[in-house]
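Since the structure comes first, as structure tokens, the remarks are kept for the end.
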Amino acid sequence: MMNFLNPQAGSRSLRSWMKSLVALGATSALMVGGLAFVAVSPASAAGTPSKVVYTSPIPPTTTTAGAVLSSFNVSVEDSGSTVITSGAGSTDLVAITSNCTLTGNTPVAAVAGVASFGAIAITTGTNCTLVASDATTGGVTTASSANIVVTAAAAIKIAYTTAPPTAATLGVSLATFKVSVEDTYGNVVSSGVGSVDTVALTTSSAGCTLAGTDTATAAAGVATFSGAYFSTGASCTLTAADTLSPDSTFSAITSGAINVVSNTPTEVGFTTQPITSIAAGTVLPPFSVSIEASNGVALSGGIAASDVIVLTSACVLTGTTSATAINDVATFTAVTIKSGTDCQLVATDMTRALATATSTVVTLTAGAATQVVFRTAPPTTEATAGTILAAFTVSVEDVNGNVVTSGLGSADLITITSPCTLGGATTANAFSGVATFSALSIGVTGACVLTATDSSRTATVATHTTSVGVAQATLTIRTLKGAVGTSLNLATSGGSGTGAVTYTLAAGSSAGCTLTGSSLKAARTGTCVITATKAGDTTHISGSSAAATVSFIVPFKVVRVAGVIIVGRTRIVTLVGSGFYGRPSIISNVRGLTSRVIRDTGTHLVVVVSVKPGAPLGTRVLVVILRNGKRAAVRFNLR
């Protein structure tokens with residue numbers, strides 16, 4: 001404690017003096033008998049750098065691009081907001097950054113904890129913030145200024161803010177583009193002189209003619225062009241110039257080349273592509289096809305508004321695969337790819353002859369396994385029984401015929417069965433949905449049905465017929481006629497190999513036919529329809545003849561003469577027999593005998609017979625002659 005005495009001071013001066021002492025660090029003062037006793041503590045030192053703070057003067061809130069900002073200060077402070085005037089932190093470098101472009105003295109070293117900035121300018125930007133940071137000591141909290149509104153500098157040039165398009169169509173307005181009036185730093189002059197200048201377009205490209213709205217007045221420094229077009233030309237450029245004095249002295253600006261084509265439809269193109277991957281049988285999300293000019297730009301103005309676009313593909317498509325264009329664009333909303341792998345859609349204009357368009361690849365994923373299919377079929381013919389068949393494959397597929405390449409079904413066990421005798425490997429596991437059979441044989445000749453079954457799950461089977469052996473020579477039934485009641489031994493010609501011949505009685509027989517082995521018998525006149533089959537052997541397939549018709553007739557014969565033939569008289573007698581037809585004639589070895597058939601029933605001939613007198617009596621012979629020349633004789637007794 002220190003003692004201070006000022007006996008000359010009055011009470012008011014003493015009180016003032018005590019306040020000063022407290023301001024210098026005194027923590028207490030006491031007056032005793034005119035003596036002042038004061039307790040003074042040492043002044044507190046600042047801590048470590050914790051933050052930077054904008055202190056008076058602070059950055060301005062408005063400025064002009066390129067103009068130096070009025071001076072401002074940044075202090076380095078501890079956590080208690082005390083400026084670090086000495087020691088560590090008091091000379092730290094303070095840096096200024098911004099969301100806009102800055103020039104000038106940054107960073108600046110602090111002096112007694114305060115960095116002064118007096119040469120910073122903002123060249124580009126509109127609404128800018130200055131961020132102060134301690135570039136020497138890490139972890140120091142930064143400080144952000146209030147928003148600084150930057151006004152562009154004096155107008156000095158024009159520029160394409162949005163460039164003209166690189167492609168256009170004759171007679172069709174160019175896609176909207178913009179020209180801005182700017183200061184030397186590229187800031188748009190949004191107010192004041194230059195902000196409402198008029199900009200004009202021209203073209204000096206050979207063969208190009210510019211039409212439509214070729215001038216525009218800037219609004220807030222930006223002139224927008226949306227109605228200019230080329231009426232002639234192919235490769236054209238646009239030149240923009242400021243026409244308002246004194247800015248008309250600004251340098252004109254020229255665009256890049258614009259490829260201009262006719263508005264005549266030449267091709268179709270996918271405006272939006274189909275989805276790149278989808279499950280088989282699922283409707284594709286909507287996509288569209290446009291009618292385009294030669295530069296690939298979609299037409300406008302409804303030139304091909306009613307054209308019909310049709311989709312085709314190497315993959316199987318279902319749903320609505322045709323659409324009528326509206327405003328030159330056809331939209332597809334109900335197309336489904338049923339089966340395939342990497343599928344592409346081909347769009348064709350059916351109304352006019354235009355170049356087609358091919359979509360990007362659509363990858364299909366298979367659905368649940370529902371069937372097996374001979375993906376690579378077994379051979380349809382095999383020359384010899386017991387030969388290993390050429391390798392074939394069986395696939396596990398979904399209902400749409402897509403192979404299940406992964407997941408359930410892709411590794412199923414497939415089994416081959418047949419009514420014919422099989423040899424070798426009759427089972428195989430699928431790999432990526434496909435089972436391969438390379439060691440299977442058929443042990444017999446003939447048409448063998450192979451059935452593929454999924455032994456791992458319930459699925460629709462697949463069948464295929466393989467004919468083993470070679471065809472025989474034509475087999476023919478040679479015996480085609482027989483007599484009623486008499487067995488006919490059938491015989492064939494042709495055929496091949498060592499197989500036995502068997503016979504079959506076919507439908508259509510009318511003679512009361514019976515067949516035992518190769519013996520055929522008929523109970524009555526008519527026909528028997530017979531088929532012969534020669535069995536196969538190790539080389540030849542079983543073969544059958546064409547159906548043959550075997551005719552059976554009653555045998556031609558005369559059994560007896562019913563009635564009496566008398567010399568010198570005319571008599572009617574009946575010849576009993578069979579096989580009579582066509583009113584046969586009759587002769588005899590009796591001289592002077594004449595005869596005339598008056599009735600023929602097939603089994604009876606009624607005959608008028610006359611014998612002249614003098615003919616010798618006794619046993620004599622009548623001969624019946626058919627029209628085909630066949631003869632039959634019968635004895636009679638002449639009286």
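The values are calculated or read from the model by the stated rules, or taken from the named source; none is laboratory data. The model shown is predicted, which means the values in this text are computed figures rather than measured ones. Don't worry about glycine lacking a Cβ; one is built from the backbone with ideal geometry, like all the others, and counts go over all protein chains shown.
Figure legend. Inter-residue proximity from region 536-554: first residues free of Cβ contacts under 8 Å to residues at least 60 places away in the same chain, second residues among the polar types (S, T, N, Q) and surrounded by 15 or more Cβ atoms within 10 Å (Cβ to Cβ), beta-carbon distance below 7 Å, spacing 6+ or different chains. Indicated pairs: 547/531.
So, of the residues in region 77-133 that are among the charged types (D, E, K, R) and assigned to a loop (DSSP other than H, G, I, E, B), which turns out to be nearest to residue 185 (Cα to Cα)? Here the residue is 92. The combined condition, being among the small types (Gly, Ala, Ser), more than 46 Å from the chain's Cα centre (by Cα) and farther than 30 Å from residue 360 by Cβ, is not fulfilled by residue 207.
Only residues that are closer than 30 Å to residue 330 by Cα and crowded, with 18+ Cβ neighbours inside 10 Å were counted across region 243-262, and they come to 3. Name the one entry in 119, 132 that is surrounded by fewer than 19 Cβ atoms within 10 Å (Cβ to Cβ), more than 30 Å from residue 196 (Cα to Cα), among the aliphatic types (A, V, I, L, M) and out of contact with any helix residue (DSSP H, G or I) (no Cβ under 8 Å at 6 or more places or on another chain). 119 is the lone residue from the list that is surrounded by fewer than 19 Cβ atoms within 10 Å (Cβ to Cβ), more than 30 Å from residue 196 (Cα to Cα), among the aliphatic types (A, V, I, L, M) and out of contact with any helix residue (DSSP H, G or I) (no Cβ under 8 Å at 6 or more places or on another chain).
Tell me which residues, restricted to region 437-465, are farther than 29 Å from residue 536 by Cβ and not hydrophobic (A, V, I, L, M, F, W, C). Once the filter is applied, which keeps residues that are farther than 29 Å from residue 536 by Cβ and not hydrophobic (A, V, I, L, M, F, W, C), region 437-465 yields 454, 455, 456, 457, 458, 460. Scanning region 347-382 for residues that are part of a loop (DSSP other than H, G, I, E, B) and among the charged types (D, E, K, R) yields a single hit, 352. The strands (runs of 3 or more DSSP E) located wholly in region 136-201 that include 1 or more residues which are over 30 Å from residue 261 (Cα atoms) and modelled with pLDDT of 95 or more occupy 148-151, 157-162, 177-182. Can you tell me which residue is farthest from residue 242 (Cα to Cα) among those in region 157-201 that are in contact with a Phe, Trp or Tyr (Cβ under 7 Å, 6 or more places away or on another chain) and among the aromatic types (Phe, Trp, Tyr)? My answer is 177. Filter region 214-254 down to the residues that are part of a loop (DSSP other than H, G, I, E, B), without any contact (Cβ under 8 Å) to a residue 40 or more places away in the chain and not hydrophobic (A, V, I, L, M, F, W, C) and list them by number. Correct list: 214, 237, 245, 246. Residue 572 is checked against (1) assigned to a strand (DSSP E or B); (2) under 30 Å from residue 474 (Cα atoms) and fails just one. What number does that condition carry? Result: residue 572 passes all but (2). If residue 99 meets every condition in (1) without any contact (Cβ under 8 Å) to a residue 40 or more places away in the chain; (2) crowded, with 18+ Cβ neighbours inside 10 Å apart from one, which number is that one? Looking at each condition in turn, residue 99 falls short on (2).
For region 554-562, indicate whether the set of residues that are assigned to a loop (DSSP other than H, G, I, E, B) and loosely packed, with under 15 Cβ neighbours inside 10 Å is non-empty. Checked against the condition, which is being assigned to a loop (DSSP other than H, G, I, E, B) and loosely packed, with under 15 Cβ neighbours inside 10 Å, region 554-562 yields at least one hit. Do we find that residue 517 is touching a Pro at 6+ places or on another chain (Cβ under 7 Å) and surrounded by fewer than 14 Cβ atoms within 10 Å (Cβ to Cβ) in this structure? No: the conditions fail for residue 517.
Summed over region 63-76, the residues that are outside any loop (DSSP other than H, G, I, E, B) and within 26 Å of residue 189 (Cα to Cα) give a count of 3. Residue check: residue 366 meets all listed conditions (1) of a type in the set (Gly, Ala, Ser); (2) at pLDDT below 95; (3) surrounded by fewer than 18 Cβ atoms within 10 Å (Cβ to Cβ) but one, namely (3). Highlighted here are the strands (runs of 3 or more DSSP E) found entirely within region 276-318 that include at least 2 residues which are of a type outside the set (Lys, Arg) and crowded, with 18+ Cβ neighbours inside 10 Å: 287-292, 308-313. Does at least one position in region 544-552 carry a residue that is part of a strand (DSSP E or B), small (Gly, Ala, Ser), surrounded by 18 or more Cβ atoms within 10 Å (Cβ to Cβ) and within 58 Å of the chain's Cα centre (by Cα)? Yes: region 544-552 contains one or more residues that are part of a strand (DSSP E or B), small (Gly, Ala, Ser), surrounded by 18 or more Cβ atoms within 10 Å (Cβ to Cβ) and within 58 Å of the chain's Cα centre (by Cα). Note on region 59-74: residues that are closer than 13 Å to residue 146 by Cα and either surrounded by fewer than 17 Cβ atoms within 10 Å (Cβ to Cβ) or outside the structural domain of residue 146 (by TED's automatic domain parsing) (or both) total 3.
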